[in-house]
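**Q** Structure in structure tokens, see below.
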Amino acid sequence: MIVLLPPSETKRDGGDGPALSLDTLSSPALRPLRAELVGELVALAADRDASRRALGVSARQDAEIDRNAALRTAPTMPAIDRYTGVLYDALDVGSLRGAAAARSRSRLAVVSALFGLVRADDRIPAYRLSANSRLPGRPTLAARWRPSLEPVLDAIAEHELVVDLRSGSYAALAAVPGAVTVEVVAEHADGRRTVVSHFNKSHKGRLARALSASRSEPADAAAVAAVARRAEMRVQRRGDHLTVLVPA
């Protein structure tokens, strides 16, 4: 099983690993576009105004542009440790120990606007590029990633169950036919259901933790739902789609 996560805008600084080596990242078929995007971001960082427009940041966030300028020389750390924020706080992979930690790191992967697919232990630097960013004079990132990323994910899905916890903009980078998809909805006292926005990431992080550390190896959506229920989550299943129910 592989659990696909979205990245986060917020990322830890620093790292104890060597500078980025695209040759060491998993999914080597993605290397050409990775190299292209790294080069474009480094070059773009020389023009702060253009970088702000492309990345959707303000002058107060120029440190994000500095990160991009240093992509080739900055220290790295495992991708699963690089990302922070609500989902990753709930996942809390750093608190797992022993076999649970090993299972988690083998099952978790992040779909990144810069690197495509990265596994938990792929070493990456801090950067700023979101799925909705538009680099000057270039097609959308979805249009650029889809031709190379979809075949990679398709090949994985042929041999492993894929649980897709990505948000919409990152799901648009590449489809995964047959993946188990998940939404989080709030259930009101009168039976109404509404889409959860603020706590959506937290519940997906909890689910990612339960799945990635589970001793069982889920083979289908029903088994994924069973793992979620053992983690005391309310889940309904319809085919390959799971709905996590939370109180409104």
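Just so you know, all these numbers are worked out from the coordinates, no wet-lab data involved. What you see is a predicted model, and the numbers here were worked out from it, not measured in a lab. As a convention, Cβ positions derive from the backbone with ideal geometry for all residues, glycine included, and neighbour counts pool all protein chains shown.
**Q** Which of the residues that make up segment 1-53 are polar (S, T, N, Q) and surrounded by 15 or more Cβ atoms within 10 Å (Cβ to Cβ)?
**A** Step one: filter segment 1-53 for residues polar (S, T, N, Q), giving 8, 10, 21, 24, 26-27, 51.
Residues satisfying the conditions are Ser8, Ser26, Ser27, Ser51.
**Q** Taking segment 229-244 as the search range and keeping residues that are among the hydrophobic types (A, V, I, L, M, F, W, C) and without any contact (Cβ under 8 Å) to a residue 40 or more places away in the chain, which one is surrounded by the fewest Cβ atoms within 10 Å (Cβ to Cβ)? Spell out the reasoning first.
**A** At the first step, the residues of segment 229-244 found to be among the hydrophobic types (A, V, I, L, M, F, W, C) are 231, 233, 235, 242, 244.
Remaining after also requiring without any contact (Cβ under 8 Å) to a residue 40 or more places away in the chain: 231, 233, 235.
Working: Ala231: 15, Met233: 18, Val235: 18.
Looking at the filtered set, the residue picked out is Ala231.
**Q** Could I ask something else about it? Filter segment 84-98 for residues that are of a type outside the set (Lys, Arg) and without any contact (Cβ under 8 Å) to a residue 24 or more places away in the chain; which is farthest from Glu40 (Cα to Cα)?
**A** Filtering segment 84-98 for residues of a type outside the set (Lys, Arg) gives 84-96, 98.
From what is left, the residues that are without any contact (Cβ under 8 Å) to a residue 24 or more places away in the chain are 94-95, 98.
Values: Gly94: 33, Ser95: 36, Gly98: 40 Å.
Checked segment 84-98; the qualifying residue farthest from Glu40 (Cα to Cα) is Gly98.
**Q** Give the residue that is surrounded by the most Cβ atoms within 10 Å (Cβ to Cβ), with candidates limited to residues of segment 98-125 that are of a type in the set (Ser, Thr, Tyr) and under 23 Å from Ala219 (Cβ atoms).
**A** Among them, the one singled out is Ser104.
**Q** Of everything in segment 176-192, what is assigned to a strand (DSSP E or B) and free of Cβ contacts under 8 Å to residues at least 24 places away in the same chain? Give them in sequence order.
**A** As a first pass, look at segment 176-192 and keep what is assigned to a strand (DSSP E or B): 180-187.
Selection gives nothing.
**Q** May I ask you to verify whether Ala43 is free of Cβ contacts under 8 Å to residues at least 40 places away in the same chain, of a type in the set (Gly, Ala, Ser) and not in a loop (DSSP other than H, G, I, E, B)?
**A** On the way: free of Cβ contacts under 8 Å to residues at least 40 places away in the same chain: yes; of a type in the set (Gly, Ala, Ser): yes; not in a loop (DSSP other than H, G, I, E, B): yes.
Yes, satisfied.
**Q** Here's another thing I want to ask about it. Hey, among the residues in segment 94-116 that are among the aliphatic types (A, V, I, L, M) and touching a Ser or Thr at 6+ places or on another chain (Cβ under 6 Å), which one's nearest to Ala213 (Cα to Cα)? Before you say what the answer is, go through the steps one by one.
**A** Filtering segment 94-116 for residues among the aliphatic types (A, V, I, L, M) gives 96, 99-102, 108-111, 113-114.
Restricting the remaining residues to those that are touching a Ser or Thr at 6+ places or on another chain (Cβ under 6 Å) gives 96, 108, 113.
Details: Leu96: 8, Leu108: 10, Ala113: 26 Å.
That would be Leu96.
**Q** Starting from residues that are outside any helix (DSSP H, G or I) and touching a Ser or Thr at 6+ places or on another chain (Cβ under 8 Å), keep the ones in segment 54-90 and report whichever is surrounded by the most Cβ atoms within 10 Å (Cβ to Cβ).
**A** Initial filter on segment 54-90 (outside any helix (DSSP H, G or I)): 56-58, 70-78, 83-85.
Now narrow it down to the ones that are touching a Ser or Thr at 6+ places or on another chain (Cβ under 8 Å): 56-57, 83-85.
Details: Gly56: 14, Val57: 19, Tyr83: 24, Thr84: 13, Gly85: 17.
My answer is Tyr83.
**Q** Picking from Leu173, Leu211, which residue would you name as being in contact (Cβ under 8 Å) with a residue 40 or more places away in the chain and under 14 Å from the mean Cα position of the chain (by Cα)?
**A** Numbers: Leu211 fails: under 14 Å from the mean Cα position of the chain (by Cα).
Of the residues listed, the single one that is in contact (Cβ under 8 Å) with a residue 40 or more places away in the chain and under 14 Å from the mean Cα position of the chain (by Cα) is Leu173.
**Q** Next question. Any chance you could count how many residues in segment 221-248 are part of a loop (DSSP other than H, G, I, E, B) and over 21 Å from the mean Cα position of the chain (by Cα)? Give the derivation first.
**A** Just the residues of segment 221-248 that are part of a loop (DSSP other than H, G, I, E, B), to begin with: 231-233, 239-240, 248.
Those still in the list that are over 21 Å from the mean Cα position of the chain (by Cα) too: 231-233, 239, 248.
Qualifying residue count for the region: 5.
**Q** Looking at segment 164-187, which of the residues that are touching a Pro at 6+ places or on another chain (Cβ under 8 Å), crowded, with 22+ Cβ neighbours inside 10 Å and of a type outside the set (D, E, K, R) is nearest to Leu141 (Cα to Cα)?
**A** My answer is Tyr170.
**Q** Which residues, counting only those in segment 121-158, are in contact (Cβ under 8 Å) with a residue 24 or more places away in the chain, of a type in the set (A, V, I, L, M) and part of a helix (DSSP H, G or I)?
**A** Quick first cut of segment 121-158, residues in contact (Cβ under 8 Å) with a residue 24 or more places away in the chain only: 121-136, 138, 141-142, 144-146, 148-153, 156.
In the following step, the residues that additionally are of a type in the set (A, V, I, L, M) were identified as 124, 126, 129, 131, 135, 141-142, 149, 152-153, 156.
Leu141, Ala142, Leu149, Val152, Leu153, Ile156 - these are the residues of segment 121-158 that are in contact (Cβ under 8 Å) with a residue 24 or more places away in the chain, of a type in the set (A, V, I, L, M) and part of a helix (DSSP H, G or I).
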